[in-house]
Each structure stands twice: as C-alpha cells, then as structure tokens.
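Since the structure comes first, as structure tokens, the remarks are kept for the end.
Only the coordinates and a few stated rules stand behind these numbers; no lab work does. Predicted model only: the values in this text are computed from it and were never measured. Cβ: placed from backbone, ideal geometry, glycine included. Neighbour counts: every protein chain shown.
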Amino acid sequence: MQIIRTKQELRQAISALKANGKSIGFVPTMGALHPGHISLIDIAKSKADAVVSSIFVNPAQFAPHEDFDKYPRTEQSDLARLEISGVSIAYLPNKAEIYPENFSTQISMGNIGKILEGVSRPHFFDGVALVVTKLFMQVMPDIAIFGEKDYQQLTVIKKLVRELDIPVEVIGAPILREEDGLAMSSRNVYLGSEARKISSNLYKVLNIIKEKLIAGEDVKQTLLWGETELLKAGFEQVDYLTLCNAETLETTEDLQEPVRLLATVRISGIRLLDNIAIIL
C-alpha cells in the first residue's frame, strides 16, 4: 500500500494505474476507521481494480461549536486497517492540500442541504459537497462508495455528481450494524455504558414503525408514537423522525413511492443517526 500525502504524488500514482488500464474505486473517510468503513472498501474492491481511501477530517463541515478538535484521530491504526483491507493507496492530505492559502470557493447544495440534518447543521452539507468535489478532482475515481448510514449525505453527493456532471459513479453501501442493531459510527466511542445500552433502541423502534406503516397504520400517528417511544427508551431528544421520499428527501405519507424512514436522536450529548428503507 502506498501512503501519499500530496496531490502531486497522488496524481502521478493515479496516472500510472490508469496507464495500465486499472479502474479506480474511492472510499473517502475522516479516519477513526471501524468495520463499517472496511465494508465500503470491500465493495470498492469488488467493483474496481485498485482502491484509494482518503483520511481527512474536513474543517469545512464543522461549525465553531462542534467537535472538530475532539474528533478522533487514529492515523497509525487506521493505516494498519487500510493495509490489511487491501487498499492500494492511502491518501492523507493536510489542510493546505485541500484548502490552500486564500481558498475562498464555496458550494451551495440548496434546499436539500437545509432540511433534516441541515436544520441544526446548516453549514454541513455545503462543506461536505466542497471537500468531496475537491477529493474527486484529486483522485479522479471511476466509482466512489458512501455508506447509507449517512443517507442524506449520500443523497446530496449523488445530486452533486449529477448536477455538476462529475464522471464518478456513486454507490450506496448498506449500513453495517453492531449485534444489537446500533449503526456503526466513529462517534459511538463517546457513548458510556448506559448510553450505549439505550442506543440500541433506536433501530428497534424504527423497525416497529416500519411494521406499523406496512400494516397500513396512519403515518403521522405512527411517527408521533415512535417519537414518544424513543423518549421513553431514554433518549434525551429526538431531532427528527421523518418519512421521506428516498430520492428527494421531501417528507411524504405515500408508501407507494420509494421511501426512507430517517431519525436523529441525542443521548449523553451525542447525536445518533439511523435510517431504514420501507418497501411495501
């Protein structure tokens, strides 16, 4: 595995791979890797000849009050995981490689970046779109894999690629879960033992809601029931619990169209995201 830290060296390595007819799969990460990340790499390996995985904690998607400085950074163990997983290139740029001095370009994703997660984090998806665009331009992959756990992010990136005509196929990967159903996330390490026990109830409640909706129960009443159940389970706050069109993320009550049930809750100061597809 090559460890590359500059875009100039990266471009040389990518050019050499493409000169040999190799297709490129890309898995961008912010580090603190867990088996969910490795599952994305496995998908990339199955669909491309060589895999590039980046580690870059993107300051553009953190607000001043958020946990940029506290975000876990575990470079050595991350590199060991990447090598074992069969990555061809580990790309670890510093801030100057992504945002050089006097960098001022911005990307606005419009309404899709202002709903759901965007209500409490209005800066977030514009920052994601910017760094993903930069990384796509540096890596020039044929395919890129993003997890469905961050479903709104996946939808935003698909929209970005489509509207800017970026020649990358974006593929969503299924959520990898712990044995009790909790979606794997780098932030799970912040959960104490009691909060960790409570957190498993998020996936359980989402599945009960799914069963109720498939059985024909009223959407609004079922979502209200679900919010009450989450609070009873011990979550401190439900930021949202919403049924959305799977492509536009607009709220809907029509289960005849592709829909996704999305939720974000808070416990011990940690925000947990999860979602499930609902198919009649």
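Rounded to the nearest 20, the size of the Cβ-charge dipole of the range 186-273 about its Cα centre is 580 debye, with Lys and Arg at +1 and Asp and Glu at -1. Annotation for Phe68 and Ser268: the two label points, set 7 Å from Cα along the Cα-Cβ direction, are 2.6 nm apart. Taking every alpha-carbon pair under 8 Å whose residues sit at least 6 apart, the range 168-280 reaches a relative contact order of 23 percent.
Output the 0 to 90 degree angle, nearest 10, between the alpha-carbon long axis of helix 75-85 and the longest principal axis computed from the alpha carbons of the chain. Between helix and principal axis, roughly 90 degrees. Extending 7 Å from Cα along the Cβ direction at Ala277 and again at Gln106 yields two label points whose distance is 3.6 nm. Residues of the range 44-61 with amide nitrogen under 15 Å from the 7 Å Cα-to-Cβ point of Ile171? Taking a point 7 Å out along Cα→Cβ of Ile171, the residues of the range 44-61 whose backbone N falls under 15 Å are 44-53. Have a look at Ser53, Gly36, Ala63 and report the one farthest towards the positive end of the charge dipole of the range 14-77, computed about the Cα centre with Cβ charges (Lys/Arg +1, Asp/Glu -1). Going by the charge dipole, the pick is Ser53.
Rounded to the nearest 10 degrees, the inclination of helix 151-163 to the longest alpha-carbon principal axis of the chain is 50 degrees. Compared with the direct C-alpha span, the chain from Glu194 to Ala80 gains 38.0 nm at full extension, assuming 0.36 nm per residue. On a straight-distance basis, which lysines could pair with Lys45 in a cross-link, Cα separation under 18 angstrom, same-chain partners fewer than 8 positions away excluded? The reachable lysines, counting only those whose Cα sits under 18 Å from Lys45, are Lys18, Lys22.
Report which label in [x] 22.9, 80; [y] 26.0, 107; [z] 19.2, 58 holds the value of Rg and Dmax of the Cα atoms in Å derived from the coordinates of this structure. Answer label, from the structure shown: [z].
Among Ile98, Ile171, the order by Cβ neighbours within 10 angstrom, fewest to most, reads Ile171, Ile98. Neighbours of Asp165, meaning other residues whose beta-carbon lies under 14 angstrom from its beta-carbon, give a summed charge of +1 when Lys and Arg score +1 and Asp and Glu score -1.
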